[in-house]
Each structure stands twice: as C-alpha cells, then as structure tokens.
Amino acid sequence: MIKSFRTSLALVFLLLMSVVLSGCSDAVKNNTEVPFVVLNDDDGSFKADIYYWNLKTNRIKETNENLYKIPQNIITNKELYTIFPIAWDGQNHAVLPSYLEVSDKFKNFVKKADFYFQPKTIWGQDVKLVKSDEKNRYKLTLIDGGKTEEKEITIPLHTFKGDDGKEYEATKCGTVTSVVKTRYGAAMLYPCFTLGGGKLFIVKYDKASESIKWQEVGPIKGIELSPSFPPLANRTATIGENFIVRTQTNPIEVYTEKVGYKIINNISDFRKKYAPETLNSEFPEYIDILGSYNDILFLSIPVHKNEGTELYVFAVKDDKLIGIMHRTINDIEIIDTAGNVASKYNMPKAKTLIGEDDVYFPNVNGMD
C-alpha cells in the first residue's frame with residue numbers, strides 16, 4: 001500500500017511539474033514576458049539585475065536575481081572593458097567576458113570568453129565562428145540537438161565592382177561580422193566599405209557539399225551602410241535565419257535564403273508618433289538594434305540631453321509595434337500604443353552610467 005501511495009504521489013508530482021513547465025513554455029512561446037537586465041549600483045560594484053517586461057499588461061516584474069556582478073575596478077576603467085554580455089538568449093545560454101562575476105544560479109549555462117579589441121570569435125544561436133591566424137580561414141562550429149560539429153573553412157577570394165566603377169577584393173575592404181545557423185549550414189554577413197560606398201554580402205556555407213558561395217545583397221537604395229556604425233554582431237539581430245542590420249537611416253532585414261533585403265520603414269513612423277523629441281535633439285540620434293527574443297525585435301533611439309542619455313526601446317513583432325519602453329535618468333516608463341504612460345518604475349541610473357546605456361536585452365549575436 002505504501003508503494004502504491006508513493007507511485008500515486010510521484011504521478012501527481014510529474015503532472016504538476018508538466019503543468020508548470022507547460023505554463024512557462026507557453027509564456028515563452030507567446031512572448032508575454034521578455035527578460036532584460038539593468039545595471040544597478042551595489043555598494044561600489046555593480047550587478048546586472050534581471051527583470052521581465054510583460055508586453056500584454058505593460059508592466060515590469062522584478063526577480064531579485066542578478067545574472068552577474070561587475071567589480072568596481074572594471075566600472076572605474078570601463079572604457080577598457082565591456083560590461084554587458086557578449087551574447088545572451090534570455091533563457092539558458094549566455095557568453096560573458098571572463099572578468100565578470102557570474103551569479104551561482106546561472107553558472108551552469110554561462111560560457112566565459114576573453115574579450116579582445118580585435119574580435120576573434122563571432123557568436124550566434126547554436127553556431128560560432130573562430131578566426132584563425134591564417135588569412136580568411138575560420139573554425140566553424142554548428143550545434144544541433146546537443147551534438148557539436150566543427151569544420152575548418154576558408155572563405156574564397158571574391159572581387160566586386162564598387163559604386164565608383166573600380167574593382168575591389170572583398171577580403172581587403174571587409175570582414176565577417178555576424179553568423180547564423182541555417183538549414184543547409186551557415187550564412188555569414190560580410191560588409192565591405194570602399195571610397196565608393198558600402199556593399200553587403202552573404203557568404204553561404206553548405207555543409208553537405210562543403211562549398212562556400214558569395215552573394216551580394218542589393219543594390220541597396222535609399223539608405224547607406226556606415227563605416228562609423230558598421231553592422232557588427234553586437235549591433236545585429238537575427239530573426240529566424242535573417243539578419244537585422246543597422247544603417248544610417250532605417251534598419252534593414254537581410255534575407256539569407258533568397259538573398260535580398262527590405263527596409264524597416266515603420267520605425268520612422270513609430271519614432272514620429274512616440275518619440276518626437278529624438279527628431280529635435282541637439283545631437284543627431286540614430287536608430288540602433290539591441291537584439292531579439294524569439295521573434296521579437298528590439299530597436300532603440302537614444303536621446304542625448306545635458307543631464308545624460310535617455311533611451312526609447314521599441315519592441316516589434318511581424319512589423320507591428322507591441323511595446324515601448326522609455327529609459328530616463330530617474331526611472332523606466334512603459335508606454336502603451338496609445339502613447340500613454342501605462343506604468344512607471346523608480347530606477348534611477350547609477351551616476352557613473354549617466355552618459356551610457358544601462359539596459360540590455362537578449363541578443364544571441366556577439367563578438368569577443
């Protein structure tokens with residue numbers, strides 16, 4: 001009888017756990033809550049506290065947990081370090097610079113990496129690309145169902161005609177900046193900058209044939225890629241197998257299957273309606289890319305003021321605006337799609353971060 005009772009108890013436990021996990025899975029699937037971190041002062045050092053932004057209720061939930069801590073000497077000399085994750089999917093995978101202190105709860109899913117001024121590793125979702133000392137040679141790692149496949153690849157030489165009519169060799173005026181795992185292998189984002197302007201390429205690796213193919217994205221009209229704001233991995237998002245790339249004006253979505261692009265024009269409309277002060281700022285304000293969570297894209301526009309830098313964050317899904325966050329010097333406001341402040345939270349910026357961003361959203365792309 002005791003054995004029967006234990007069996008019944010185990011079944012009840014498993015049933016309850018399946019309900020709980022199902023509820024968590026549904027919350028992630030339906031994108032009702034998006035994780036993000038805020039850097040908060042902690043007696044001289046800093047901690048990256050985890051919060052959840054509920055896009056349906058327009059509210060923020062505090063967890064009383066932190067992903068990592070930043071030693072005081074790093075904050076003091078932060079111009080020499082990155083104080084944000086190199087990559088983070090918001091759930092069970094993060095890549096952090098080796099000098100950050102990971103909280104005990106999250107140590108099992110955090111990878112540590114040395115941070116270089118000359119990037120060596122490019123990270124993506126279930127993929128990474130490590131630069132070799134040999135020119136144009138990389139080690140590509142693909143992860144599928146827990147299985148890891150590594151391959152040494154050499155990107156072949158490629159020449160193209162610039163807008164000035166001259167011939168250029170891609171590997172002399174550009175480099176790989178992002179990578180995404182695809183059904184056939186991997187696709188790499190490869191921008192090039194010449195005196196004639198910027199060019200954008202997709203380099204495809206087919207693991208079945210072990211072949212590599214160059215394809216040009218474009219011609220891109222109506223926007224410009226900027227060497228001042230190049231599409232580096234930490235400022236490039238991925239939705240599915242596509243890259244979201246920043247430009248001097250509106251971002252573009254770059255398709256990797258049938259190589260092409262579309263301009264994300266609606267962000268300009270969102271900006272005019274919900275953040276018009278960014279249009280009249282003393283400084284030119286640019287549209288930046290923070291990252292993505294599942295199929296939600298996070299775009300931002302800074303506001304440089306005399307008292308410090310504020311930030312507007314737009315959550316976009318299927319080209320539709322589903323959330324607005326306004327990070328001010330003293331608080332975080334959640335704005336509804338009618339333009340009203342739906343909720344407000346007293347979270348003053350740390351004084352040493354007044355002129356910088358202190359909020360980080362998931363982005364699986366990064367470089368170390």
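Once the C-beta distance of Lys69 and Ile329 is scaled by a Förster radius of 25 Å, the resulting FRET efficiency is 0.60 to the nearest 0.05. Between Ser228 and Ser268, the modelled label-to-label distance comes to 1.9 nm, taking each label 7 Å out from Cα in the direction of the beta carbon. Inter-label distance, Gln91 to Lys172: 4.5 nm, where each label sits 7 Å from its Cα along the C-beta direction.
Which order do the peptides 235-241, 166-172 take when ranked by the mean count of other beta-carbon atoms within 10 Å per residue, highest first? Don't skip to the answer; put the middle values down first.
Numbers: 235-241: 21.1, 166-172: 14.4.
Ranked by mean Cβ neighbours within 10 Å, highest first: 235-241, 166-172.
Which entries in Lys78/Lys351; Lys207/Lys258; Lys78/Lys349; Lys166/Lys258; Lys128/Lys199; Lys199/Lys258 show an alpha-carbon gap greater than 20 Å? Write down the numbers at each step before the final one.
Numbers: Lys78/Lys351 14 Å; Lys207/Lys258 18 Å; Lys78/Lys349 16 Å; Lys166/Lys258 27 Å; Lys128/Lys199 23 Å; Lys199/Lys258 17 Å.
Over 20 Å apart, Cα to Cα: Lys166/Lys258; Lys128/Lys199.
Based on the Kirkwood approach, the hydrodynamic radius assigned to the stretch 164-311 is 16.5 Å, with every pair of different Cα atoms included. Each peptide in 122-129, 96-103 gets a packing score, the mean of other Cβ atoms within 10 Å over its residues, and the list from highest to lowest is 122-129, 96-103.
With a simple spin-label model that places each label point 7 Å from the Cα along the Cα-to-Cβ direction, the separation between Asn54 and Asp319 comes to 3.1 nm.
One compactness figure for the chain is 1.06, namely its Cα radius of gyration divided by 2.2 N^0.38 Å.
Each of the peptides 354-366, 49-61 was scored by the mean count of other Cβ atoms within 10 Å over its residues; in descending order, highest first, they stand as 354-366, 49-61.
Taking the Cα centre of the chain as reference, the dipole from Cβ charges on Lys and Arg (+1) and Asp and Glu (-1) amounts to some 880 debye. Computed from the C-beta positions of Asn346 and Val130 and an R0 of 56 Å, the FRET efficiency is 0.80 to the nearest 0.05.
When DSSP beta bridges are restricted to pairs lying wholly in the stretch 30-367, around 95% turn out antiparallel. The residue among Gly240, Ile267, Ile223 whose Cα reaches farthest toward the positive pole of the charge dipole of the stretch 223-276, with charges on the beta-carbon of Lys, Arg, Asp and Glu, is Ile267. The spacing between the stretch 75-141 and the stretch 242-321, judged by their C-alpha centroids, is 24 Å.
Readers should treat all values here as calculations from the given coordinates under stated rules, not as data from a laboratory. This structure is a prediction, so every number in the text was calculated from the model and none was measured. Heads up, the Cβs are rebuilt from the backbone with ideal geometry, glycines too, and the neighbour counts pull from every protein chain shown.
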